[in-house]
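To start, the structure under review is shown below, and the notes come after it.
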Amino acid sequence: MKEPISIKQFPQLFAGLTVLSLSLVASSLIAANAIANFQQARNALVVTGSAKRPIRSDYIIWRLSVSSQKPTAKEAYQDLKRQTERVKAYLKEQQIPDEAITLNAVETTTIPEVTSSGKETGQILAYRLNQRFEIRSDDVDRYTKLSQKSTELLDEGINLVSEPPQYLYTQLSKLRIEMVAEATKDAKARAEAIARSTGNRVGALRSAETGVFQITSRHSTEVSDYGIYDTSSLEKDITAVVSVKFSLE
């Protein structure tokens, strides 16, 4: 009669069987978990919703500058001072309050003498000085018109450069919250339409991810992965996008 096989006789065999058994259990757990995750994924619907509103800028930043170029720094400064005083007087004539105007520091550059071969001689031909003004206000319409007519100073011999105004909207923080809510409602309406077509119902909201905001000129189709904030247009559109995951019932 044969003796039963003992662990002492074949330790490697029993160790291998133990490892195999544990592997089968682990594989079963992984497979069960994968099936559960798959079923959970099948019972979810991811939809993108959007909301769009027209807005009108309520804040303006207007920058202008005067410059002078003369053979000596003293002459350039005297001429720049004359032009700066005239611009100040002009802005006062237009009833722009002092607190709305910011004067930056005078910028000074030198114009070097250059030979025909393109090498600098070390001599200075002229000095160029520049004075910048910045005007900020919530009176958008008035300052827009003023920026357009200010070039009349050119007729007085003022070397004026008037930059296109920048237009901002100061209520964005409040508007963003409202638009995210609108975009989420849009996403739910889309999800319900899709669910009905498949004989399902939309359940609870599982997660939501807000995309970047696009603030563009009116009726623009421009978009960017990083978002857009157009400051060149008085009339704008703001668009919000939200990606929402709903459960399906």
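For ASN43, which sequence-distant residues (separation of 5 or more, or a different chain) have an amide H within less than 5 Å of its own amide H, given hydrogens modelled in the peptide plane?
Here nothing satisfies the definition.
Leaving ligands, DNA and RNA out of it, report the carbon-plus-sulfur percent of the accessible area of the stretch 34-149 at a 1.4 Å probe. Intermediate values should be presented prior to the final figure.
On the way: 3440 of 7160 Å².
Carbon and sulfur: 48 percent of the exposed surface of the stretch 34-149.
Rolling a 1.4 angstrom probe over the protein chains, ignoring ligands and nucleic acids, what is the accessible area of GLU113 in square angstrom, nearest 10?
70 Å²
Could you estimate the translational diffusion coefficient of the stretch 142-211 from the Stokes-Einstein equation, with Rh from the Kirkwood formula over C-alpha pairs, at 10 °C and 1.306 mPa s, in whole µm²/s? Write down the numbers at each step before the final one.
Working: Rh = 17.2 Å.
So the translational diffusion coefficient is about 93 µm²/s.
So which of LYS188/LYS236; LYS149/LYS236; LYS52/LYS92; LYS119/LYS149 end up more than 32 Å apart, counting from Cα to Cα?
Values: LYS188/LYS236 27 Å; LYS149/LYS236 24 Å; LYS52/LYS92 40 Å; LYS119/LYS149 43 Å.
Violating the 32 Å Cα-Cα cut-off are LYS52/LYS92; LYS119/LYS149.
Hey, which aspartates and glutamates would be in cross-link range of LYS185, C-alpha to C-alpha under 20 Å, not counting anything within fewer than 8 residues on its own chain?
Within reach: GLU209, ASP237, GLU249.
How much accessible area does THR102 have with a 1.4 Å probe, in Å² rounded to the nearest 10?
60 Å²
By average Cβ neighbour count within 10 Å, what is the ranking of 210-219, 154-163, 91-100 from highest down? Numbers along the way, then the final one.
Details: 210-219: 16.1, 154-163: 13.7, 91-100: 12.2.
Ranking, from highest mean packing down: 210-219, 154-163, 91-100.
What does the accessible area of LYS188 come to, in Å² to the nearest 10, when a probe of 1.4 Å is used?
The accessible area comes out at roughly 90 Å².
Compute and list, largest first, the equivalent-ellipsoid semi-axes of the stretch 122-249 from the alpha carbon gyration tensor, each √(5λ) rounded to a whole angstrom. List each step's numbers first, then the result.
On the way: eigenvalues 507, 53, 27 Å².
For the stretch 122-249, the ellipsoid semi-axes come out as 50, 16, 12 Å.
Can you tell me, using C-alpha contacts under 8 Å and at least 6 residues apart, the relative contact order of the stretch 160-249 as a whole percent?
Working: 123 pairs, mean separation 33.9, N = 90.
Relative contact order here is 38 percent.
The values are calculated or read from the model by the stated rules, or taken from the named source; none is laboratory data. The shown structure was predicted, so the numbers you read here are calculated from the model rather than taken from an experiment. As a convention, Cβ positions derive from the backbone with ideal geometry for all residues, glycine included, and neighbour counts pool all protein chains shown. Note: accessible area is taken over every heavy atom of the protein model, side chains too, but ligands, DNA and RNA are not part of it. Shrake-Rupley method; radii C 1.70, N 1.55, O 1.52, S 1.80 Å.
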